[in-house]
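Chemist: Structure incoming, see below.
A short reminder: the numbers here are calculations on the coordinates, not readings from a lab. Since we're looking at a predicted model, the values are computed, not measured. Ideal geometry is used to build each Cβ from the backbone, glycine not excepted, and the neighbour counts take in all protein chains shown.
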């Protein structure tokens, strides 16, 4: 069966031995936080990659995709006189201001993300099409979980660790360690089953 917020809640309540209504409210928030945290690492496998084309003009140095992405994997470009896409290289906003802020208009070669917008290194000299690929942000957990039942313990451990930290429980480090270990194992499972797509684990042990 697929887990839900309700079934996760029962499992966490049993683990922390607190079925009070006040604890339930807190527990459900921690379950939602854990669920969103897990999807940051394995969403590309469970959700898949979304793709869309966005029209770029000569008036702006950015485009605004229709989708909201938790991470953008690729940005490609072709101008109005071409039909083949060219992949743009990702840079940081700091790199743009250090190296490209004075560049003349031309076909974009680089991109960075600022909020929900994709910014280029230059204002396009001609109109063009931008292909954006990434993992879309998912709604918070309310009913059915996207996470397979075999990884239910990862959600439970994460929520329990958060609850124990909230409750100033001395067992917090132990549960946080178990959660991080279970999450790393989950990510490894997906990464090795589809070796072409390898998630970055930066900040996992935060």
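Chemist: Please compute the contact order of the chain in relative form: average sequence separation of alpha-carbon pairs under 8 Å and at least six residues apart, divided by the residue count, as a percent. Intermediate results must be reported in sequence, preceding the final value.
Modeler: Details: 319 pairs, mean separation 59.9, N = 206.
Answer for the chain is 29 percent.
Chemist: Give the Debye-formula value of log10 I(q)/I(0) at each listed q (0.13, 0.14, 0.15 Å⁻¹), with one equal scatterer per alpha carbon of the chain, two decimals each.
Modeler: Log10 I(q)/I(0), no solvent term: -0.80, -0.87, -0.93.
Chemist: Moving to a separate point now. Report the label-to-label distance for residue 103 and residue 68 in nanometres (one decimal), using points 7 Å from each Cα along the Cα→Cβ vector.
Modeler: Going from the residue 103 label point to the residue 68 one covers 3.0 nm.
Chemist: Quick check: residue separation of residue 15 and residue 40 times 0.36 nm, minus the Cα distance between them. What number comes out in nm?
Modeler: Here the answer is 6.5 nm.
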